[in-house]
Amino acid sequence: MTNLNITQDFIPQGRRNRPGQPNPMLWITIHETGNTSRGANARAHASYLGGNDAAAIPIAWHYTTDDRETIQHLPENETAFHAGDGANGIGNAQSIGIEMCINSDGNFSQTIDRTVALVADICRRRNIPIENIVPHNRWNGANCPRNIRAGNPINWNAFIGRVRAILGAGTPSQNTYKVVRGDTMTGIAQRFGVTLNALSAANPQITNIDRINVGQAINIPTGVATPRKTVEEVAQEIWRGQGDWGNDPQRKQRLIDYGGLEFRNAVQRRLNEIAAGR
Ligand SMILES: [Zn+2]
């Protein structure tokens, strides 16, 4: 199997293209750099992202892959501007962005091999369902990743098929649930042990989560539906100094890693209530 060969070369904190917002990591967005110049490899893109031009736009993404290595530019749990769907767009605010190099002195097939291995690794670590690996095109209509969209040398379905082959039987997948009278998205999320963010992300057809209809099919992202502690259980653990939640600011990140931003916010609200004697 292809060696991931990841080097971390993070954009410094405080740069305009490192906003530092928490990323719930619900999607993976696949790009191509669009740069066929000789030498336009992962190293070249790392130095571009660290420079003033990229900061001025601002633009950044999480990983660049080429035929020899992968460079990570940002922590996965921070957002980046790469999807062209606005600061609060799902692509920018909720996905991990990967740029594949297409430099003419590189071997694009080997770049694809390394990207497939990276995507499978992220899916496994972050419990991202395979349905949530998407082309940049999904977010703003851009013709990206251009070569893969044109089937050169493999098309999108083949790319996803290769990720699925690595993940095998452990592939997170989605089930559906039919809405019954009295259901809310929040209630459904709680029942299946997923965050409201994850449930919303799995159902892009629902534009207003306050409007669901009896009989409507809701996708349940079972990949993230591992048994979870409730907000109340976690708040009580923290209040009693149990568990491995740490102190601020690491606790904030641990809670986001565990259940997403909404979960973290709910735990914080509950902690405030407990502290106030309620
Ligand atoms: Zn793109």
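No value in this document is a laboratory result; all are computed from the given coordinates. Only a predicted model underlies this, so the values are computations on that prediction, with no experimental measurement involved. Here the Cβ is made from the backbone with ideal geometry for all residues, glycine too, and neighbour counts use every protein chain on show.
Figures for the structure shown
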| quantity | calculated |
| --- | --- |
| Exposure proxy ranking, count of Cβ atoms within 10 Å, fewest first, for R138, R269 | R269, R138 |
| R0 of 45 Å, Cβ-Cβ distance N88-D9: FRET efficiency to nearest 0.05 | 0.95 |
| Long-range tail of P(r) for region 174-224 (Cα pairs > 16 Å, %) | 26 percent |
| Cα-Cα P(r), region 6-170, percent of pairs per 10 Å interval | 11, 43, 38, 7, 0 |
| Separation in nanometres of the label points that stand 7 Å from Cα toward Cβ, at R124 and N152 | 3.3 nm |
| Cα Rg over Rh - the chain, Kirkwood | 0.99 |
